[in-house]
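The values are calculated or read from the model by the stated rules, or taken from the named source; none is laboratory data. As the structure is a prediction and not an experimental result, all values here were calculated from the model. Reconstructed Cβ throughout: ideal geometry from the backbone, glycine too, with neighbour counts over all protein chains shown. Ligands, DNA and RNA are stripped out before the accessible areas are found, and what is left, the full protein with its side chains, is counted by its heavy atoms. Shrake-Rupley method; radii C 1.70, N 1.55, O 1.52, S 1.80 Å.
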Amino acid sequence: MKLTTEQIDQFQAHGVVIVPGILTDADLAPVIAAIESWIDDRANAWLAEGRITDTHAGDGFDTRIASLYAQDKEFPRGIDLMEMRDPDIFSFMGNDNLLDAVECLVGPEITCNPIQHLRAKMPVCLTGEVISYEQNVPWHQDVSFTWEEADHSNIVTCWLPLVDVTAENGCMHVLPDMFRGGYLDHISEGGTRIRPDLMPDIEPLVAACPKGSIVFMDKCTPHAGITNRTESVRWSMDLRYQPTGVPTGRPFHPDFIVRSAADPRSVHCDFDEWNRRWVEALAASAGYQSHRPIPIEERLPNS
Ligand SMILES: O=C(O)CCC(=O)C(=O)O
Ligand SMILES: [Fe+2]
């Protein structure tokens, strides 16, 4: 689905646009099936090992992993996209409905940036966290997760819910109109986040949206993830796309070309190779610093 001129203008003017109805249930079904199958395999293995006592086999997508997490907090470990490395999710990264929209923001030569996540935000009744940004994803710009080599790359974050997201189940909060100043200093305490004294005192945009939507954000748009106060899981994925040929900010992780008008043969669609590149990259880059909070001695103004 192409974006309308209004939606493109909104992104360019404000650094964020929320577009409903880009992805169909059929687009997302293979992604959800892959996640469900990962959960099922682990639940059965952990039942056999005695780590859990109930696999909750009959539960739905939005509750099962919470019931497993309640039995063992380690359950979701390794579910992120570069660790799970599922072929259907890899295929989804080249989904035409998704890329038709992305093309409107980055142009026809598109590379999939290696920063890509799957998030199962657990209900606060299980995590026991207090309702504060510190306990969720604190205010940050995605540019803070890249090396400076990518400061001039047009990397667009595509945040897509796999269930309907609301203020109650922990959607994002976003600050429009704050991207033009570029990178804001971040600190690492309490999770990589914008230096609190640089945060404006304005009401954030509540990025509630139904499944099938995409929240597009500039890499310098501040955003945060808020508390899930429901009893089910807030599932989302965030992928990033950029023009081909400019730095990704993660030179040590694999990117790949997903669409090209100029050279269609350059499009990379081989899952096995992508899988192998991640295995090698994760081993070779262990311990690399990919976030960039400023050093402690430079952290406070006038200090
Ligand atoms: O999912 C969230 O709550 C935050 C996500 C985020 O920071 C991102 O997608 O860049
Ligand atoms: Fe982010």
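Kindly indicate whether Ser213 is within 13 Å of ligand 2 (Cβ to nearest atom), in contact (Cβ under 8 Å) with a residue 24 or more places away in the chain and either closer than 23 Å to Asp164 by Cβ or touching a Phe, Trp or Tyr at 6+ places or on another chain (Cβ under 7 Å) (or both).
no
For region 133-149, a tally of residues being in a helix (DSSP H, G or I) and modelled with pLDDT under 90 returns 3. On inspection, Val206 fails the criterion of being within 15 Å of ligand 2 (Cβ to nearest atom) and either in contact with a Cys (Cβ under 8 Å, 6 or more places away or on another chain) or farther than 23 Å from Ile35 by Cβ (or both). Condition first: assigned to a loop (DSSP other than H, G, I, E, B) and either of a type in the set (A, V, I, L, M, F, W, C) or modelled with pLDDT of 95 or more (or both). Now tell me which residues in region 184-207 satisfy that. Of everything in region 184-207, those that are assigned to a loop (DSSP other than H, G, I, E, B) and either of a type in the set (A, V, I, L, M, F, W, C) or modelled with pLDDT of 95 or more (or both) turn out to be Leu184, Met199, Ile202, Pro204.
Kindly establish whether Glu189 is touching a Ser or Thr at 6+ places or on another chain (Cβ under 7 Å), open to solvent by 10 Å² or more (accessible area, probe 1.4 Å) and on the phi < 0 side of the Ramachandran plot.
Values: touching a Ser or Thr at 6+ places or on another chain (Cβ under 7 Å): no; open to solvent by 10 Å² or more (accessible area, probe 1.4 Å): yes; on the phi < 0 side of the Ramachandran plot: yes.
Taking the combined requirement at face value, the residue does not satisfy it.
Search region 221-241 for residues being basic (Lys, Arg) and crowded, with 22+ Cβ neighbours inside 10 Å, and hand back the single one that is nearest to ligand 2 (Cβ to nearest atom). Of everything passing the filter in region 221-241, Arg240 is nearest to ligand 2 (Cβ to nearest atom). Within region 264-289, the set of residues being touching a residue at least 60 places away in the same chain (Cβ under 8 Å) and in a loop (DSSP other than H, G, I, E, B) comprises Val267, Cys269.
Residue by residue through region 180-200, note down the ones that are within 13 Å of ligand 1 (Cβ to nearest atom) and out of contact with any Phe, Trp or Tyr (no Cβ under 6 Å at 6 or more places or on another chain). Working first, answer last.
So in region 180-200, the residues within 13 Å of ligand 1 (Cβ to nearest atom) come out as 186, 191-194.
Those that are within 13 Å of ligand 1 (Cβ to nearest atom) and out of contact with any Phe, Trp or Tyr (no Cβ under 6 Å at 6 or more places or on another chain): His186, Gly191, Thr192.
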